[in-house]
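Asker: This is the structure I want to talk about, given as structure tokens.
Every read-out reported here was derived from the displayed coordinates using simple, explicitly stated rules and does not represent laboratory data. Not measured: the values here are computed from a predicted model. All Cβ positions, even for glycine, are placed from backbone atoms using ideal geometry, and neighbour counts span all protein chains on display.
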Amino acid sequence: MNTILRKSILGIAGLTVAGGLAAGPLNHDTSTPTTRDAAVTTTQAAKLDSAALIPHGVQGTQSRIDLDDEQTANVKAIIAATKKAGMDERAAVVSIATALQESKLENLGHLGDRNDHDSQGLFQQRPSSGWGTVEQITDPEYSTMAFLKGLKQVDGWRDMPLTKAAQTVQVSAYPDHYAQWEQQAADLVAEHWNS
């Protein structure tokens, strides 16, 4: 199914098409678009709907924070890494919601007494748990790619609620806390995926 048709169907069906996004990446068509097709695709892509990025609906009360320039740059870095990994918009939503919970999208170094063990970076990954060196996990691209590598290994992650997919990768002491960031993460992906 081509990208334009799929997005049209998702736009009409809304949230009832949970299986549509779960079937795979939105941009898997390998044909070469004509100039006219490219213009149509760009126009439609600019209208990415955040509701289509939440196939299961949000769970519980949603939180939202205002982002500064550094946090916005980290959102863009997560999206770029997601594209580089060959994953779709939903993977970016899960990644950004996870980073919102873990660090509020701040690339955290060692926090001294306030540190959770040796957790650092956007995803609060731990060198002692095999996520990489401090230099690696405080690099937004590396840490996102490491998170996505874990996400790819979760069977059926697209069919799970966001919080369960994130928790399976992160193994947090607070597994339900990821859910509160799903709407803001979807809004950020809708805003920045095509920018």
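Asker: Can you tell me the FRET efficiency between GLN62 and SER129 if r is taken as the Cβ-Cβ distance and R0 is 30 Å, rounded to the nearest 0.05?
Answerer: It comes out at approximately 0.55.
Asker: Once amide H atoms are placed 1.01 Å from N in the peptide plane, what residues at a sequence separation of 5 or more from GLN125, or on another chain, have their amide H within under 5 Å of its amide H?
Answerer: GLN120
Asker: Let me ask another. Please list the non-local residues whose amide H lies under 5 Å from the amide H of LEU108, H modeled 1.01 Å from N, same-chain partners needing a gap of 5 or more.
Answerer: Those lying under 5 Å, H to H, from LEU108 are GLY121, LEU122.
Asker: A further question on this structure: Can you give me the distance in nm between label points at LYS84 and GLU141, each placed 7 Å from the Cα along the Cα-to-Cβ direction?
Answerer: The two pseudo-label positions are separated by 0.3 nm.
Asker: Using modelled backbone amide H atoms (1.01 Å from N, in-plane), which distant-in-sequence or interchain residues come within less than 5 Å of SER172's amide H?
Answerer: none
Asker: Can you work out the Karplus-derived ³J(HN,Hα) for every residue in the range 165-175? Use 6.51 cos²θ - 1.76 cosθ + 1.60 with θ = phi - 60°, whole Hz, and x for glycine or proline.
Answerer: These are the phi-based 3J(HN,Hα) values: 4, 5, 5, 4, 7, 7, 6, 7, 6, 10, x Hz.
Asker: Rounded to whole Hz and in sequence order, give me ³J(HN,Hα) for the range 76-92 from the Karplus expression 6.51 cos²θ - 1.76 cosθ + 1.60, θ = phi - 60°, writing x for Gly and Pro.
Answerer: 5, 5, 5, 5, 4, 5, 4, 4, 4, 6, x, 9, 8, 4, 5, 4, 5
Asker: OK, next. Rank-order 141-147, 78-84 by packing density, defined as the average count of other C-beta atoms within 10 Å over each peptide's residues, highest first.
Answerer: Highest-to-lowest ranking by the protection proxy: 141-147, 78-84.
Asker: Still on this structure, please answer the following. Per residue of the range 138-153, in order, report the coupling 6.51 cos²θ - 1.76 cosθ + 1.60 (Karplus, θ = phi - 60°) as ³J(HN,Hα) in whole Hz, putting x for Gly and Pro.
Answerer: Couplings: 9, 9, x, 5, 4, 5, 5, 4, 5, 4, 5, 4, x, 4, 4, 7 Hz.
Asker: Also: With equal scatterers on the alpha carbons only and no solvent term, can you work out the Debye log10 of I(q)/I(0) for the range 50-195 at 0.18 1/Å?
Answerer: Log10 I(q)/I(0), no solvent term: -0.99.
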